[in-house]
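Beneath this line is the structure, given in structure tokens, with notes to follow.
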Amino acid sequence: MFDDVLRNAWHLVVTFDPDVFGYAVRSLTIATVSTLVAGVVGIPAGILIGQHDFAGKRAVVTILNTLLALPTVVVGLTVYMFVSRQGPLGHLELLFTVPGIIIGEVLLIIPLITALTVAAMSRTGRDVRKTALALGASSRRAHWTVICESRFGILAAIIAAFGRVVSEVGVATILGGNIDRFTRTMTTALVRYVDMGEFALALALGMLLLTISLSINILFQFVQGGGQE
Amino acid sequence: MIRLTLSLLATVGLAAESCCGAAYAADETLTLATTTSTDNSGLLSHLHPDFEKKTGIQVKVVAKGTGASLQLARDGNADVVLVHAREQEEQFVAEGYGVLRREVMYNDFVILGPPEDPARIRGIRNPADALRSVAQGGHCFVSRGDGSGTHVREQQLWRRTGLPLETDAVTVILEGQKRRYASVRPPGGWYVSVGQGMGKTIMVATEKRAYTLADRGTYYAFALSTPAKTDLAILSEGHESLRNPYGVMAVNPARHPHVNFTGARKYIEWITSPEVQEMIGRYAVEGKTLFYPSARVPELR
């Protein structure tokens, strides 16, 4: 069985199957754009929450952490209610499109990025801030130092969010409809192969996805390494 | 550094967007809500290039169970529907959601089971008798349990066995009105409801050495592949109550003015045309015919 998987995976790569290439491009587009948009919202939100003490901060953090357990299908269905023809945004025709999937994914990972950014800030925060202030930094300057010192944690949040989207099935199926040539992604194609009983091909696609993720993570590692010098 | 990462992501994103953007640029598309059996059997990908060539309309296929497909159409998220659950189709038309309903083709259901056949149903033509034997012996039976056309048919067959049945019901409030969705099942731990598509259900039945109801097309796709994905055998087949007709309908533009009704009409005319009917009849997987066009009806054995 497992050598079949390897043979299938190799075959997919060397034949440069245009269908599989399409799934990969779609999966990466969705993951990249979603991570980008969610990062623009989630990182500043995380920094704000992490740097300030305010009444109800604990409650906010608890809610964020709870949202990490949100099933992807629930996110997908919630967005479906809005973008379906019956829903308030039905006229925008977002259902069964890539932008429709992206909306769902963004909502899925905003809590993830925010929560991990908050965690990254609080890990380094207090000590770094005290040190910076002791060394004569202004309050604003101290804030900035904390953010800089938390950058690896924030990068980890981005990587985790990207991984969540690229490996996710529920949102992509409900909002995308798994339509060939339009919204079929690596993971929904994989699920379809499972439905068809093509387990070896499904696992081969899984390996391919993992390989792509590996190259992206190596790229991130490189960026991170560059930052350390 | 974060900014660098973000701009990197943006560049990749834009590049990918522009390169797969062509897929959205199709002039006219038609969304077809259909069942997994027509999609997984390869029939639609065999037929649709002809439609696209003749009309220039790209067909977007959303493959779900019959229940989910009709719901998509009710919500106005599809233009045309190709499903197999006649009562539900007629209700769909009667409620004013569907128009131009036509028969397209049929295949049939078969009762599968382990070749050693512990319930001794091999050769029993009437599926109700076969199912009664399975139930009385307490042999494992795997049900789709997902509200699909196959699941609907399975429940009809259980009703015909005359055995006592349990009702599983959920109440759903839609537009302020309570609706009750009920499904029946025989009582007992031997009856396993998996809530999955046809393919996965066959795989579960294979693993559990169980009986199940399947459409012939999906079964052939699993049994005749190399290597075979299931060793379950057809134990009961050919009875009138196992006939599985597929119908096509357009979503009523009076209900949902935005639907591509012209495209839907073209699709219906195309799929019921003699030429395409012949293509359907000739379509075979591993030498086995999977669907029979409704215009010419060969005898079911």
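The values are calculated or read from the model by the stated rules, or taken from the named source; none is laboratory data. On a predicted model such as this, the values are computed, not experimentally measured, just so you know. Cβ sites come from the backbone with ideal geometry, for glycine too, and all protein chains shown count toward neighbours. With ligands, DNA and RNA removed, areas are computed over all heavy atoms of the protein, side chains included. Shrake-Rupley method; radii C 1.70, N 1.55, O 1.52, S 1.80 Å.
State, as an integer percentage, the relative contact order of chain B based on alpha-carbon contacts under 8 Å between residues 6 or more apart.
Values: 530 pairs, mean separation 79.3, N = 301.
Worked out over chain B, it gives 26 percent.
Taking amide H atoms as placed 1.01 Å from N in the peptide plane, list the residues 5 or more away in sequence, or in a different chain, whose amide H sits under 5 Å from that of B:ASN252.
Correct list: B:GLY98, B:VAL99.
Please work out how much accessible surface A:ILE218 shows to a 1.4 Å probe, ignoring ligands, DNA and RNA, in Å² rounded to 10.
Estimated to the nearest 10 Å², A:ILE218 gives 100 Å².
Once the whole set of protein chains is in place, how much accessible area is left on A:LEU95, using a 1.4 Å probe, in Å² to the nearest 10?
Estimated to the nearest 10 Å², A:LEU95 gives 20 Å².
Treat each spin label as a single point 7 Å out from the Cα along the C-beta direction, and report the B:GLU240 to A:LEU68 distance in nm.
6.2
Taking θ as phi - 60°, what are the ³J(HN,Hα) couplings along region B:109-118 by the Karplus curve (6.51, -1.76, 1.60), each to the nearest whole Hz, with x for Gly and Pro?
Karplus-based 3J(HN,Hα) across region B:109-118 equals 8, 9, 9, 9, x, x, x, 6, 6, x Hz.
Please give the length that would be gained between B:ARG265 and B:ALA233 if that part of the chain were fully extended, namely 0.36 nm times their separation in residues minus their C-alpha to C-alpha distance (nm, one decimal).
On the way: separation 32, 0.36 × 32 = 11.52 nm, distance 4.01 nm.
Gain on extension, B:ARG265 to B:ALA233, equals 7.5 nm.
List the relative contact order of region B:108-243 as a percent without decimals, with contacts defined as Cα pairs under 8 Å and 6+ residues apart.
Working: 239 pairs, mean separation 59.6, N = 136.
Relative contact order, region B:108-243: 44 percent.
Among the lysines, which have Cα under 25 Å from the Cα of B:LYS178 when same-chain residues fewer than 8 positions away are ignored?
B:LYS64
Among residues other than B:TRP158 whose Cβ falls under 12 Å from its Cβ, what is the net charge (Lys/Arg +1, Asp/Glu -1)? Before the final figure, lay out the partial values.
Numbers: positive: B:ARG132, B:ARG153, B:ARG159, B:ARG160, B:ARG185; negative: B:GLU154, B:GLU166.
Residues near B:TRP158 contribute +3 overall.
Compute the helix-to-body angle for B:149-160: its Cα long axis versus the longest principal axis of chain B, expressed 0 to 90° and rounded to tens.
20
Regarding region B:108-243, what is the average projected area of its C-alpha convex hull, in nm²? Write out the running numbers ahead of the final one.
Working: hull surface 34.2 nm².
If you wrap the Cα atoms of region B:108-243 in a convex hull and average its projections, you get 8.5 nm².
Quick one: which residues, 5 or more positions from B:ILE57 or on another chain, have an amide H under 5 Å from its amide H? H modelled 1.01 Å from N in the peptide plane, none for Pro or chain starts.
Those qualifying (amide H under 5 Å, at least 5 residues apart or on another chain) number zero.
With label points built 7 Å along Cα→Cβ from the Cα atoms of A:TRP10 and B:GLU116, find their separation and express it in nm.
Each label point is offset 7 Å from its Cα along the Cβ direction, giving 3.8 nm.
Would you calculate a helix-derived [θ] at 222 nm for chain B, using -39,500 (n - 2.57) for each DSSP H run of n ≥ 4 and dividing by the full residue count, to the nearest 500? Walk me through the numbers on the way to the answer.
Numbers: 11 runs with 117 residues, N = 301.
That comes out to -11500 deg cm²/dmol.
At a 10 angstrom cut-off on C-beta neighbours, averaged per residue, how do the peptides A:67-75, B:161-169 rank from highest to lowest?
Working: A:67-75: 14.8, B:161-169: 12.0.
Sorting A:67-75, B:161-169 by mean packing, highest first, produces A:67-75, B:161-169.
Between B:ILE268, B:ILE173, B:ILE57, where does the largest GNM mean-square fluctuation fall for chain B, given springs only between Cα atoms within less than 10 Å?
Taking springs between Cα atoms under 10 Å, the residue moving most is B:ILE173.
Taking the 0 to 90 degree range and rounding to the nearest ten, how far is the long axis of helix A:18-51 tilted relative to the main principal axis of chain A, both from C-alpha atoms?
For helix A:18-51, the angle is close to 20 degrees.
Subtracting the Cα-Cα distance from 0.36 nm times the residue separation, let me have the gained length for A:ARG123 to A:LYS57 in nm, one decimal. All intermediate terms of the calculation are to be shown ahead of the outcome.
Working: separation 66, 0.36 × 66 = 23.76 nm, distance 1.58 nm.
Gain on stretching A:ARG123 to A:LYS57: 22.2 nm.
All other residues with a Cβ under 12 Å from the Cβ of B:CYS140 taken together, and with Lys, Arg as +1 and Asp, Glu as -1, what is their net charge?
On the way: positive: B:LYS208, B:ARG209; negative: B:GLU207.
Net charge around B:CYS140: +1.
Helix A:2-14 versus the longest principal axis of chain A: what is the Cα-based angle in degrees, 0 to 90, to the nearest 10?
Approximately 90 degrees, to the nearest ten.
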